1. Taking strands (runs of 3 or more DSSP E) that fall entirely within segment 199-288, which contain at least 1 residues that are farther than 24 Å from residue 164 by Cα?
2. Among the numbered criteria (1) touching a residue at least 12 places away in the same chain (Cβ under 8 Å); (2) closer than 21 Å to residue 156 by Cβ, which one does residue 340 miss?
3. Going through 316, 289, 309, 349 one at a time, which residue ends up being at negative phi, at pLDDT 90 or above, exposed (fewer than 10 other Cβ atoms within 10 Å of the Cβ) and β-branched (Val, Ile, Thr)?
4. So, of the residues in segment 20-35 that are without any contact (Cβ under 8 Å) to a residue 12 or more places away in the chain and part of a helix (DSSP H, G or I), which turns out to be nearest to the chain's Cα centre (by Cα)?
5. Somewhere in segment 15-26, is a residue open to solvent by 70 Å² or more (accessible area, probe 1.4 Å), within 17 Å of residue 69 (Cβ to Cβ), of a type in the set (S, T, N, Q) and out of contact with any His (no Cβ under 7 Å at 6 or more places or on another chain)?
6. Can you name every residue in segment 292-306 that is part of a strand (DSSP E or B), touching a residue at least 40 places away in the same chain (Cβ under 8 Å) and open to solvent by less than 30 Å² (accessible area, probe 1.4 Å)?
7. How about segment 214-234: which of its residues are at positive phi, open to solvent by less than 70 Å² (accessible area, probe 1.4 Å) and without any contact (Cβ under 8 Å) to a residue 60 or more places away in the chain?
8. Which of (1) assigned to a loop (DSSP other than H, G, I, E, B); (2) among the hydrophobic types (A, V, I, L, M, F, W, C); (3) in contact (Cβ under 8 Å) with a residue 60 or more places away in the chain is the odd one out, the single condition residue 358 does not satisfy?
Amino acid sequence: MSTKDYLEKDYYKVLGVSKSASQDEIKKSYRKLARKYHPDANKGDTDAEDRFKEVSEAYDVLSDEKRRKEYDSVRAMPGGFRGQQGGGFGFDLGDLFGQGGTGTTTGAGAGDRIGDIFGGLFNRGGGARTSGTRRARRGADVETEVTLTFGRAMNGVTVPIKLTSEAACPKCRGTGAKAGTVPRVCPNCEGTGSETRNLGNFGFQEPCKECHGRGLVVDDPCTICHGSGRATGTRTIQARIPAGVADGQKIRLKGKGAPGENGGPAGDLYVTIKVRPHKVFGRSGDNLTLSVPVTFPEAALGAEIKVPTFQGQPVTLRLQEGTPNGRTLRVKGRGATRRDGTKGDLLVTIDVQVPQKIDDTTREALERLRAADDGDDLRSELLQQAREE
């Protein structure tokens, strides 16, 4: 199909939709018209067959967001660029593209250059014009794991990561062709890397079966990559792990994945963090956790106790009289670093210790305490509730 056809045909009108139509509206209109004009439903009707081709052609462009945007951009050019439809400079489209006209050699050359530009926009055309329209491809995303100590995860660290991924073949520089030869434009897809296959009333775009989506055909393949243009390579990158990362957290490093193809951007690197446990501190979200042993007298009578903080000076906590086992006290700002730079808290859980060995003096004191509590049965309410239905 010529560039002239692209400029002169109104695909929105063909599908009967407005220029602001959504993809759902475009798809709905296409399905309706495709069923109406499908050759199987109109045996021997050449007009219906031509109409079906027009509808399929229009949908092929408007259903692709990128091609639709390019099509709209070209249609929005000054009217003179599309002939005498809207005034403007009054150029003849045939002269502009060097297609029939008695223009000079200079004019024909300019037409070829403009044709190359528009041919590239739509990934259409044939011959040498599509040799420069190889589709840029984004590199693949890569996943890896990094194991850190508790301290390095808390403080943040830059670590070297060795990656093995696909990249351009070093021998053929990504062309896939043997030294001294070059690939040729795929004759099946004309360099676009894709083709349309009709299934009943619908058309589907899929990678070209001849070039496998590359847009190029290699007749004499490279001995290293065997024509793919890709090879496995190893590289080492320096990855910055932010402070406060937690075990199991996944970090995305933009553009650090596999290299792109044909000028496409690199993929992303996803690093899953594994954190070794600490001997003293635990983790609960952005908070650190700590279990502190206290004696029975400290819990019963109240006390001031010193507790450690992570990589900081100890802090003093005051226990109230009658502090129960398992109570949690909070130390503000001594936890893990959050994304906004602030810190979580340190959660200190009281663990009342029962002495394993008791001397005579301690035993006598405890006996007096038990005698003083004889009138209070702590389990009476529990036993009562257990008898209820």
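1. Per the criteria, 202-207, 282-284.
2. Unmet condition: (1).
3. Answer to the selection: 316.
4. Filtering first and then ranking leaves 24.
5. yes
6. Listed by number, the residues that qualify are 292, 294.
7. Passing the criteria: only 227.
8. Failing condition for residue 358: (3).
The values are calculated or read from the model by the stated rules, or taken from the named source; none is laboratory data. Owing to the predicted nature of the structure, the values given are computational and were not obtained by experimental measurement. A quick note on method: Cβ atoms are made from the backbone with ideal geometry, for glycine too, and the neighbour counts reach across all protein chains shown. Accessible surface is based on the protein model in full, side chains and every heavy atom, while ligands, DNA and RNA are left aside. Shrake-Rupley method; radii C 1.70, N 1.55, O 1.52, S 1.80 Å.
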